[in-house]
Amino acid sequence: MTKIEVPAQLISNHDEIGEGEEGGPTWIAGLPALAERYLEEWGLRPDGDPMHGYVSLVLPVTRADGVPAALKLQPVNEENAGEAMGLKVWDGDAMVRLLDEDPATGTLLLERLEGHRTLATVADDTKALTILADLLARLVARPAPEDLRRLADIARDMLDDTPAAVAGLAQESDRQWLKTCASAVAEVIAEPGDRLLHWDMHYDNVLAAAREPWLAIDPKPLAGDPGFDLWPALDNRWADVVASGDVHRAVRRRFDLLADRLALDPARAARWTYGRLLQNALWDVEDGKGELDGNQLVIAEALRPRL
């Protein structure tokens, strides 16, 4: 039986997480046996060095029929519980294709992509962003399945949690920004949308492929308004934004390109982007931070003219 070596960084990540739904040391301890189980049950042969995200392990493998694939093992949590469901709906359209799954453990067998060549390797930021936007437009064109988690519920919970979070911030300016973000969400919550969203579409979640030049990976599917899907593309490769010399203008350029390629109403998309900023801020406060993230505030300030 093949012995699976778990990357040291993945072990460290789970040590940092601690025990919980995101995984932790107990899950990591059982990971080699879990991987060996699916290699045997699905007739897979390891075919390259292990790769990993923050919590997941990805093993390049070859199926018994000679088809290259990728075995993804991850702890099941609220964010990724609908991953296989979303992959089935997309069925390889702008997205990595699902080949097999075990819902009980969240284990997925995926089409093999070029794991070490992400969209971040495209030096021209406008070209990279356009590729991402066109993929995202195809993804959000599909209606979400009925039993997927819904932005409407997430948004309501965020608004309910805002007063306590406001009280946990030290600076009045941060408290006002949090209220502003919540007000923006309140303006659009009555129409939360029903599209199938990726939720984490940034350059490192787009890989080079053989079937198409680029395909998306690692979705955290939910049903909602496509405007809620824009923030990761505004925030990623932040050094490029800073190097532009005009951070606000660079953020708006990215936002306008995304809104245009996805055919979104800019004001509505900006409000749902404020929703992502609110979500991030609420998580920070929950983690014990007493001030808002500076980059998040820059994005909020830059998009104020689009509201």
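Side notes on the structure shown:
- Assessment of segment 254-265 against the conditions (closer than 18 Å to residue 185 by Cα and either surrounded by fewer than 18 Cβ atoms within 10 Å (Cβ to Cβ) or free of Cβ contacts under 8 Å to residues at least 12 places away in the same chain (or both)) yields at least one matching residue.
- Single condition residue 245 does not satisfy, out of (1) touching a residue at least 40 places away in the same chain (Cβ under 8 Å); (2) out of contact with any strand residue (DSSP E or B) (no Cβ under 9 Å at 6 or more places or on another chain); (3) not hydroxyl-bearing (Ser, Thr, Tyr): (1)
- Which listed residue, of 41, 111, 19, 101, is more than 17 Å from the chain's Cα centre (by Cα) and over 30 Å from residue 151 (Cβ atoms): 41
- Exactly one residue among 178, 207, 169 is touching a strand residue (DSSP E or B) at 6+ places or on another chain (Cβ under 9 Å) and in the same structural domain as residue 274 (by TED's automatic domain parsing), and that residue is 207.
- If you filter segment 217-242 down to residues that are aromatic (Phe, Trp, Tyr) and crowded, with 24+ Cβ neighbours inside 10 Å, you find that the one that is nearest to residue 277 (Cα to Cα) is 231.
- Extreme residue, surrounded by the most Cβ atoms within 10 Å (Cβ to Cβ), among residues of segment 195-213 that are part of a loop (DSSP other than H, G, I, E, B) and of a type in the set (Asp, Glu): 200
- Check on residue 234, in a strand (DSSP E or B) and either closer than 29 Å to residue 77 by Cα or over 21 Å from the mean Cα position of the chain (by Cα) (or both): no
For every residue, the table says whether it meets (1) under 19 Å from the mean Cα position of the chain (by Cα); (2) hydrophobic (A, V, I, L, M, F, W, C); (3) more than 22 Å from residue 56 (Cβ to Cβ).
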| site | (1), (2), (3) |
| --- | --- |
| 168 | no, no, yes |
| 174 | no, no, yes |
| 204 | yes, no, no |
| 216 | yes, yes, no |
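- Condition met for residue 141 (within 18 Å of residue 283 (Cα to Cα), assigned by TED's automatic domain parsing to the domain that holds residue 271 and among the hydrophobic types (A, V, I, L, M, F, W, C)): no
Let's see how each residue does on (1) aliphatic (A, V, I, L, M); (2) within 19 Å of residue 274 (Cα to Cα); (3) not in a helix (DSSP H, G or I):
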{"residue": "161", "(1), (2), (3)": "no, yes, no"}
{"residue": "169", "(1), (2), (3)": "yes, yes, yes"}
{"residue": "177", "(1), (2), (3)": "no, yes, no"}
{"residue": "180", "(1), (2), (3)": "no, yes, no"}
{"residue": "215", "(1), (2), (3)": "yes, no, yes"}
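- Residues of segment 59-80 classified as within 22 Å of residue 104 (Cα to Cα), surrounded by fewer than 21 Cβ atoms within 10 Å (Cβ to Cβ) and among the aliphatic types (A, V, I, L, M), total: 1
- Scan of segment 1-47 for residues that are part of a loop (DSSP other than H, G, I, E, B) and either touching a His at 6+ places or on another chain (Cβ under 7 Å) or touching a residue at least 40 places away in the same chain (Cβ under 8 Å) (or both), ordered by number: 2, 4, 5, 6, 7, 21, 22, 24, 42
- Qualifying residue in segment 48-64 (condition: in a helix (DSSP H, G or I), at pLDDT 95 or above and either more than 22 Å from the chain's Cα centre (by Cα) or closer than 20 Å to residue 205 by Cα (or both)): no
The values are calculated or read from the model by the stated rules, or taken from the named source; none is laboratory data. Computed from a predicted model, the values in this text were never measured in an experiment. Reconstructed Cβ throughout: ideal geometry from the backbone, glycine too, with neighbour counts over all protein chains shown.
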